[in-house]
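Student: For reference, the structure I am asking about is given below.
The values are calculated or read from the model by the stated rules, or taken from the named source; none is laboratory data. As the structure is a prediction and not an experimental result, all values here were calculated from the model. A quick note on method: Cβ atoms are made from the backbone with ideal geometry, for glycine too, and the neighbour counts reach across all protein chains shown. What goes into the accessible areas is simple: the full protein's heavy atoms, side chains included, and nothing from ligands, DNA or RNA. Shrake-Rupley method; radii C 1.70, N 1.55, O 1.52, S 1.80 Å.
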Amino acid sequence: MDPPFTKQETYIKEFSPLDYFSTYYAHGKGVLFGEWTEFVLQNLHETFTSGTVKGDTLIDFGAGPTIYHLLSACEVFDKIITSDFLEQNRTQLKKWLRKDPDALDWTHVIKFVCELEGNRDNYENKAETLRSKVKEVLTCDALKRKPFDPVVLQPADCLLTCLCLEAPCEDIKSFCNVLKNFKDLIKPGGHLLILSVLDATFYYVGNRYFSSMTTRKEELEEAFKQAGYEIEKAVYAPRNDQSRMDVCDYRGYYYICARKPK
(Lines give C-alpha, C1' and ligand atoms only; values in the text may rest on other atoms or scores of the structure.)
Protein backbone atom coordinates (compact mmCIF):
# COMPACT_ATOMS: atom_id res chain seq x y z
CA MET A 1 0.00 0.00 0.00
CA ASP A 2 1.32 3.44 -0.93
CA PRO A 3 1.93 5.79 2.00
CA PRO A 4 -0.60 8.62 2.43
CA PHE A 5 0.17 11.82 0.53
CA THR A 6 0.60 14.86 2.76
CA LYS A 7 -1.67 17.73 1.72
CA GLN A 8 -0.78 21.41 1.86
CA GLU A 9 -3.19 21.96 4.75
CA THR A 10 -1.19 19.52 6.87
CA TYR A 11 2.02 21.43 6.20
CA ILE A 12 0.33 24.69 7.18
CA LYS A 13 -0.89 23.26 10.48
CA GLU A 14 1.84 20.85 11.49
CA PHE A 15 5.23 21.70 9.91
CA SER A 16 7.61 23.10 12.52
CA PRO A 17 10.73 24.81 11.13
CA LEU A 18 12.42 24.51 14.54
CA ASP A 19 11.85 20.76 14.62
CA TYR A 20 12.97 20.54 10.99
CA PHE A 21 16.24 22.28 11.76
CA SER A 22 16.80 20.15 14.86
CA THR A 23 16.01 16.90 13.03
CA TYR A 24 18.05 17.54 9.91
CA TYR A 25 20.63 20.32 10.30
CA ALA A 26 21.65 20.62 13.95
CA HIS A 27 25.43 20.60 14.29
CA GLY A 28 26.75 17.06 14.71
CA LYS A 29 23.37 15.31 14.96
CA GLY A 30 21.10 16.41 12.10
CA VAL A 31 20.25 13.61 9.65
CA LEU A 32 21.18 15.77 6.65
CA PHE A 33 24.19 17.46 8.24
CA GLY A 34 27.24 15.78 6.78
CA GLU A 35 26.62 13.67 3.70
CA TRP A 36 23.78 15.74 2.27
CA THR A 37 25.09 19.20 3.07
CA GLU A 38 28.52 18.30 1.70
CA PHE A 39 26.94 16.98 -1.51
CA VAL A 40 24.90 20.17 -1.98
CA LEU A 41 27.57 22.65 -1.02
CA GLN A 42 30.36 20.99 -3.00
CA ASN A 43 28.27 20.82 -6.18
CA LEU A 44 27.01 24.38 -5.89
CA HIS A 45 30.51 25.63 -5.12
CA GLU A 46 31.83 23.96 -8.27
CA THR A 47 28.95 25.27 -10.37
CA PHE A 48 29.18 28.89 -9.28
CA THR A 49 32.97 29.11 -9.29
CA SER A 50 33.15 27.60 -12.79
CA GLY A 51 31.39 30.63 -14.27
CA THR A 52 28.88 28.55 -16.23
CA VAL A 53 25.93 29.74 -14.13
CA LYS A 54 25.87 33.46 -13.46
CA GLY A 55 23.89 36.66 -13.93
CA ASP A 56 22.16 39.41 -11.98
CA THR A 57 19.19 37.64 -10.37
CA LEU A 58 18.60 34.24 -8.77
CA ILE A 59 15.22 32.94 -7.61
CA ASP A 60 15.36 30.48 -4.72
CA PHE A 61 12.15 28.43 -4.79
CA GLY A 62 10.86 26.68 -1.68
CA ALA A 63 13.74 27.35 0.70
CA GLY A 64 11.99 26.06 3.78
CA PRO A 65 13.65 27.80 6.75
CA THR A 66 17.14 27.24 5.26
CA ILE A 67 19.83 29.43 3.70
CA TYR A 68 22.78 27.05 3.27
CA HIS A 69 22.17 26.41 -0.45
CA LEU A 70 22.60 30.14 -1.18
CA LEU A 71 26.07 30.55 0.33
CA SER A 72 27.94 30.07 -2.95
CA ALA A 73 25.32 31.79 -5.09
CA CYS A 74 25.67 35.05 -3.15
CA GLU A 75 29.17 35.48 -4.57
CA VAL A 76 27.82 35.40 -8.13
CA PHE A 77 24.40 37.08 -8.12
CA ASP A 78 23.62 40.65 -7.12
CA LYS A 79 19.98 39.97 -6.31
CA ILE A 80 18.51 36.87 -4.65
CA ILE A 81 14.78 36.38 -4.22
CA THR A 82 14.06 33.58 -1.76
CA SER A 83 10.64 32.08 -1.06
CA ASP A 84 8.57 29.42 0.65
CA PHE A 85 4.98 28.21 0.79
CA LEU A 86 4.77 28.29 4.59
CA GLU A 87 4.52 31.45 6.65
CA GLN A 88 6.40 29.84 9.54
CA ASN A 89 9.36 29.12 7.24
CA ARG A 90 9.36 32.64 5.82
CA THR A 91 9.37 33.95 9.39
CA GLN A 92 12.54 31.99 10.13
CA LEU A 93 14.22 33.25 6.96
CA LYS A 94 13.44 36.84 7.92
CA LYS A 95 14.76 36.28 11.44
CA TRP A 96 18.09 35.10 10.05
CA LEU A 97 18.26 38.03 7.64
CA ARG A 98 17.62 40.46 10.50
CA LYS A 99 20.10 38.66 12.80
CA ASP A 100 17.43 38.13 15.44
CA PRO A 101 18.85 36.56 18.64
CA ASP A 102 16.60 33.50 18.26
CA ALA A 103 17.32 32.94 14.55
CA LEU A 104 18.46 29.50 13.42
CA ASP A 105 22.23 29.15 13.72
CA TRP A 106 23.85 28.18 10.41
CA THR A 107 27.41 29.04 11.48
CA HIS A 108 28.69 25.45 11.15
CA VAL A 109 27.48 25.24 7.54
CA ILE A 110 28.75 28.71 6.64
CA LYS A 111 32.21 27.75 7.90
CA PHE A 112 32.18 24.66 5.68
CA VAL A 113 31.48 26.77 2.57
CA CYS A 114 34.22 29.20 3.55
CA GLU A 115 36.59 26.23 3.80
CA LEU A 116 35.64 25.24 0.24
CA GLU A 117 36.48 28.79 -0.79
CA GLY A 118 39.79 28.68 1.05
CA ASN A 119 38.99 31.04 3.91
CA ARG A 120 37.31 29.46 6.95
CA ASP A 121 37.84 32.60 9.05
CA ASN A 122 35.73 34.64 6.63
CA TYR A 123 32.41 33.15 7.78
CA GLU A 124 31.02 36.34 9.33
CA ASN A 125 31.64 38.29 6.13
CA LYS A 126 30.07 35.43 4.14
CA ALA A 127 26.89 35.67 6.19
CA GLU A 128 26.73 39.43 5.71
CA THR A 129 27.26 39.07 1.96
CA LEU A 130 24.30 36.71 1.71
CA ARG A 131 22.12 38.97 3.84
CA SER A 132 22.93 41.92 1.59
CA LYS A 133 22.04 40.00 -1.57
CA VAL A 134 18.63 38.67 -0.46
CA LYS A 135 16.20 41.37 -1.53
CA GLU A 136 12.84 39.65 -0.97
CA VAL A 137 11.24 36.75 0.89
CA LEU A 138 8.14 35.78 -1.07
CA THR A 139 5.27 33.34 -0.84
CA CYS A 140 5.37 30.59 -3.47
CA ASP A 141 3.15 27.65 -4.37
CA ALA A 142 4.54 24.95 -6.65
CA LEU A 143 1.05 23.74 -7.54
CA LYS A 144 -0.04 27.05 -9.10
CA ARG A 145 0.38 27.68 -12.81
CA LYS A 146 2.05 30.95 -11.79
CA PRO A 147 3.85 29.95 -8.58
CA PHE A 148 4.28 33.50 -7.23
CA ASP A 149 0.81 34.77 -8.14
CA PRO A 150 -0.27 37.53 -7.55
CA VAL A 151 3.35 38.80 -7.53
CA VAL A 152 4.79 39.11 -11.04
CA LEU A 153 8.52 38.46 -11.26
CA GLN A 154 10.79 39.32 -14.14
CA PRO A 155 12.53 36.23 -15.54
CA ALA A 156 15.74 35.49 -13.66
CA ASP A 157 19.13 34.24 -14.80
CA CYS A 158 18.82 31.20 -12.54
CA LEU A 159 16.17 29.38 -10.53
CA LEU A 160 17.43 27.18 -7.70
CA THR A 161 15.34 24.76 -5.67
CA CYS A 162 16.67 22.46 -2.97
CA LEU A 163 14.77 19.66 -1.20
CA CYS A 164 11.42 21.11 -2.21
CA LEU A 165 9.46 19.57 -5.07
CA GLU A 166 9.15 16.06 -3.63
CA ALA A 167 6.84 17.52 -0.98
CA PRO A 168 4.11 19.24 -3.08
CA CYS A 169 4.33 16.94 -6.12
CA GLU A 170 2.42 13.69 -5.80
CA ASP A 171 3.96 12.03 -8.86
CA ILE A 172 6.43 12.58 -11.70
CA LYS A 173 3.72 14.08 -13.93
CA SER A 174 3.07 16.81 -11.36
CA PHE A 175 6.84 17.30 -11.02
CA CYS A 176 7.17 17.74 -14.79
CA ASN A 177 4.33 20.30 -14.81
CA VAL A 178 6.17 22.34 -12.17
CA LEU A 179 9.32 22.29 -14.30
CA LYS A 180 7.28 23.58 -17.25
CA ASN A 181 5.83 26.38 -15.13
CA PHE A 182 9.31 27.35 -13.97
CA LYS A 183 10.26 28.19 -17.55
CA ASP A 184 8.29 31.46 -17.32
CA LEU A 185 10.52 32.46 -14.39
CA ILE A 186 13.82 31.87 -16.23
CA LYS A 187 15.38 33.95 -18.99
CA PRO A 188 16.13 32.27 -22.33
CA GLY A 189 19.53 30.67 -21.87
CA GLY A 190 19.14 30.79 -18.08
CA HIS A 191 19.56 27.86 -15.71
CA LEU A 192 17.43 25.66 -13.47
CA LEU A 193 19.29 23.96 -10.61
CA ILE A 194 17.60 21.25 -8.56
CA LEU A 195 19.09 19.30 -5.66
CA SER A 196 17.15 16.67 -3.76
CA VAL A 197 16.91 13.03 -2.66
CA LEU A 198 16.19 9.80 -4.51
CA ASP A 199 13.84 6.91 -3.73
CA ALA A 200 12.25 8.49 -0.65
CA THR A 201 8.69 7.80 0.48
CA PHE A 202 8.54 9.72 3.78
CA TYR A 203 10.36 11.93 6.25
CA TYR A 204 9.66 12.96 9.83
CA VAL A 205 9.90 16.42 11.31
CA GLY A 206 10.00 15.87 15.03
CA ASN A 207 7.29 13.23 15.46
CA ARG A 208 5.23 14.41 12.47
CA TYR A 209 5.05 12.26 9.34
CA PHE A 210 5.28 13.83 5.86
CA SER A 211 5.18 12.04 2.53
CA SER A 212 7.75 12.35 -0.24
CA MET A 213 7.32 11.78 -3.95
CA THR A 214 9.59 8.90 -4.93
CA THR A 215 12.07 10.15 -7.54
CA ARG A 216 14.28 7.97 -9.71
CA LYS A 217 17.12 8.89 -12.03
CA GLU A 218 15.54 7.89 -15.34
CA GLU A 219 12.19 9.54 -14.56
CA LEU A 220 13.91 12.73 -13.44
CA GLU A 221 15.95 13.15 -16.59
CA GLU A 222 12.94 12.37 -18.78
CA ALA A 223 10.87 14.99 -16.91
CA PHE A 224 13.48 17.65 -17.62
CA LYS A 225 13.53 16.74 -21.30
CA GLN A 226 9.73 16.71 -21.56
CA ALA A 227 9.63 20.12 -19.89
CA GLY A 228 11.96 21.48 -22.56
CA TYR A 229 15.28 21.83 -20.74
CA GLU A 230 18.77 20.81 -21.79
CA ILE A 231 20.56 18.93 -19.00
CA GLU A 232 24.12 20.21 -18.72
CA LYS A 233 25.17 18.28 -15.63
CA ALA A 234 23.65 15.48 -13.56
CA VAL A 235 25.29 14.13 -10.41
CA TYR A 236 24.00 11.18 -8.39
CA ALA A 237 25.34 9.75 -5.14
CA PRO A 238 24.22 6.94 -2.83
CA ARG A 239 23.28 7.44 0.78
CA ASN A 240 26.12 5.75 2.63
CA ASP A 241 24.96 6.43 6.19
CA GLN A 242 21.71 4.50 6.59
CA SER A 243 21.61 4.63 10.38
CA ARG A 244 18.43 6.73 10.59
CA MET A 245 16.22 5.30 7.87
CA ASP A 246 13.30 5.43 10.31
CA VAL A 247 13.46 9.24 10.21
CA CYS A 248 13.67 9.56 6.43
CA ASP A 249 14.07 6.69 3.98
CA TYR A 250 15.78 8.28 0.95
CA ARG A 251 18.45 6.13 -0.75
CA GLY A 252 20.54 8.73 -2.56
CA TYR A 253 21.00 12.30 -3.73
CA TYR A 254 20.83 14.12 -7.04
CA TYR A 255 21.89 17.42 -8.54
CA ILE A 256 20.71 18.51 -11.97
CA CYS A 257 21.90 21.64 -13.71
CA ALA A 258 19.69 22.33 -16.72
CA ARG A 259 19.41 25.15 -19.20
CA LYS A 260 16.38 26.78 -20.75
CA PRO A 261 17.10 27.02 -24.50
CA LYS A 262 17.54 30.49 -25.97
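Student: Restricting to region 33-67, name every residue that is β-branched (Val, Ile, Thr), more than 15 Å from Ile110 (Cβ to Cβ) and buried (at least 19 other Cβ atoms within 10 Å of the Cβ). Give the steps one after another, and end with the answer.
Tutor: Quick first cut of region 33-67, residues β-branched (Val, Ile, Thr) only: 37, 40, 47, 49, 52-53, 57, 59, 66-67.
Those still in the list that are more than 15 Å from Ile110 (Cβ to Cβ) too: 47, 49, 52-53, 57, 59.
Correct list: Thr47, Val53, Thr57, Ile59.
Student: Does Thr129 satisfy the condition of being more than 21 Å from Val40 (Cβ to Cβ), out of contact with any strand residue (DSSP E or B) (no Cβ under 8 Å at 6 or more places or on another chain), open to solvent by 20 Å² or more (accessible area, probe 1.4 Å) and in a helix (DSSP H, G or I)?
Tutor: Values: more than 21 Å from Val40 (Cβ to Cβ): no; out of contact with any strand residue (DSSP E or B) (no Cβ under 8 Å at 6 or more places or on another chain): yes; open to solvent by 20 Å² or more (accessible area, probe 1.4 Å): yes; in a helix (DSSP H, G or I): yes.
For Thr129, the condition - more than 21 Å from Val40 (Cβ to Cβ), out of contact with any strand residue (DSSP E or B) (no Cβ under 8 Å at 6 or more places or on another chain), open to solvent by 20 Å² or more (accessible area, probe 1.4 Å) and in a helix (DSSP H, G or I) - is not met.
Student: Taking region 180-209, which residues are outside any strand (DSSP E or B) and touching a helix residue (DSSP H, G or I) at 6+ places or on another chain (Cβ under 6 Å)?
Tutor: First pass over region 180-209, keeping only residues outside any strand (DSSP E or B): 180-185, 199-201, 206-207.
Once the filter is applied, which keeps residues that are outside any strand (DSSP E or B) and touching a helix residue (DSSP H, G or I) at 6+ places or on another chain (Cβ under 6 Å), region 180-209 yields only Gly206.
Student: Here's something else I'd like to know. In region 224-236, which residues are buried (at least 16 other Cβ atoms within 10 Å of the Cβ) and closer than 25 Å to His45 by Cα?
Tutor: First, pick out the residues of region 224-236 that are buried (at least 16 other Cβ atoms within 10 Å of the Cβ): 224, 227, 229, 233.
Passing the criteria: Phe224, Tyr229, Lys233.
Student: Another question, then. Only one of (1) closer than 18 Å to Tyr255 by Cβ; (2) assigned to a helix (DSSP H, G or I); (3) open to solvent by less than 70 Å² (accessible area, probe 1.4 Å); (4) not β-branched (Val, Ile, Thr) is not met by Tyr11, so which one is it?
Tutor: Unmet for Tyr11, out of (1) closer than 18 Å to Tyr255 by Cβ; (2) assigned to a helix (DSSP H, G or I); (3) open to solvent by less than 70 Å² (accessible area, probe 1.4 Å); (4) not β-branched (Val, Ile, Thr): (1).
Student: Could you list, ordered by first residue, the pairs with Cβ atoms under 6 Å in which the first is in region 77-90 and closer than 23 Å to Leu44 by Cα and open to solvent by 10 Å² or more (accessible area, probe 1.4 Å) and the second is among the hydroxyl-bearing types (Ser, Thr, Tyr) and modelled with pLDDT of 95 or more, at least 6 apart or interchain?
Tutor: Lys79/Thr57
Student: Quick one: which residue in Pro188, Pro168 is in contact (Cβ under 8 Å) with a residue 60 or more places away in the chain, within 30 Å of Val76 (Cα to Cα), open to solvent by 70 Å² or more (accessible area, probe 1.4 Å) and not aromatic (Phe, Trp, Tyr)?
Tutor: Details: Pro168 fails: open to solvent by 70 Å² or more (accessible area, probe 1.4 Å).
Result: Pro188 is the single residue among Pro188, Pro168 that is in contact (Cβ under 8 Å) with a residue 60 or more places away in the chain, within 30 Å of Val76 (Cα to Cα), open to solvent by 70 Å² or more (accessible area, probe 1.4 Å) and not aromatic (Phe, Trp, Tyr).
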